[in-house]
Amino acid sequence: METQEKVMTAIESPCILVCSIDVKTGFCFGCGRTREEIGAWMGMTTETRRSVMAQLPARLETVERRPRRETRRTRMARERDALS
């Protein structure tokens, strides 16, 4: 009997774990995507994801540089440092 291995394909993502939306633009502070794009990301085709990613640098220029709350990445780093 032959065993089949399931291979997961890596999905490109611009996520940098700074998950907070700029209320003025509707773009994520970290990656520049909208909530709708973030939610639909896994179901998008590779071409659609790459099209969105091509727009992100320009979008990130329009958001405020500081999120209004502590980001997940900052919190995780702070908690890791506290354990050290």
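Order of 10-16, 24-30 by packing, highest average Cβ count within 10 Å first?
Taking the mean over residues of other Cβ atoms within 10 Å, the ranking is 24-30, 10-16.
Counting only protein heavy atoms and a probe of 1.4 Å, the accessible surface of region 18-64 is 58% carbon and sulfur.
The values are calculated or read from the model by the stated rules, or taken from the named source; none is laboratory data. Since this is a predicted model, take the numbers as computed values, not measurements. All Cβ positions, glycine included, derive from the backbone under ideal geometry; neighbour counts span all protein chains shown. Note: areas computed on protein heavy atoms with side chains; ligands, DNA, RNA excluded. Shrake-Rupley method; radii C 1.70, N 1.55, O 1.52, S 1.80 Å.
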